[in-house]
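**Q** Handing you this structure, nothing more for now.
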Amino acid sequence: MSFENPHPQRIQLKLFNIQGELIQELFNGFYSEALFNNSFDISNNPNGSYLIEVKIGEDEFVENIFLLA
């Protein structure tokens with residue numbers, strides 16, 4: 001997953017199942033680089049739809065992903 005990080009700030013990434021239950025916290029920390037670029041191993045989860053909640057400072061958005069192992 002990669003996105004622009006305009007200035008140093010806290011970033012949180014969380015993986016939820018489609019029912020909204022938290023599966024895994026992927027990243028939670030302070031990030032100072034201009035481009036956040038990180039990969040996560042979620043292959044231990046069953047195939048299906050998941051939601052990734054992204055919080056960058058005060059901004060928050062949710063992405064829908066489909067996992068095929």
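The values are calculated or read from the model by the stated rules, or taken from the named source; none is laboratory data. Because the structure is a prediction, the values reported are computed rather than measured. With ideal geometry, Cβ positions are generated from the backbone for all residues, glycine too; neighbour counts draw on all protein chains shown.
**Q** Restricting to segment 15-54, and then to whatever is at pLDDT below 85, more than 15 Å from Phe66 (Cα to Cα) and of a type in the set (A, V, I, L, M, F, W, C), can you tell me which residue is surrounded by the most Cβ atoms within 10 Å (Cβ to Cβ)?
**A** Per the stated criteria, the residue is Phe36.
**Q** Let me ask you something else. Condition first: in a strand (DSSP E or B) and free of Cβ contacts under 8 Å to residues at least 24 places away in the same chain. Now tell me which residues in segment 37-69 satisfy that.
**A** First, the residues of segment 37-69 that are in a strand (DSSP E or B): 37, 48-56, 59-67.
If the condition is that a residue be in a strand (DSSP E or B) and free of Cβ contacts under 8 Å to residues at least 24 places away in the same chain, then Asp59, Glu60, Phe61, Val62, Glu63, Asn64, Ile65, Phe66 are the ones that fit.
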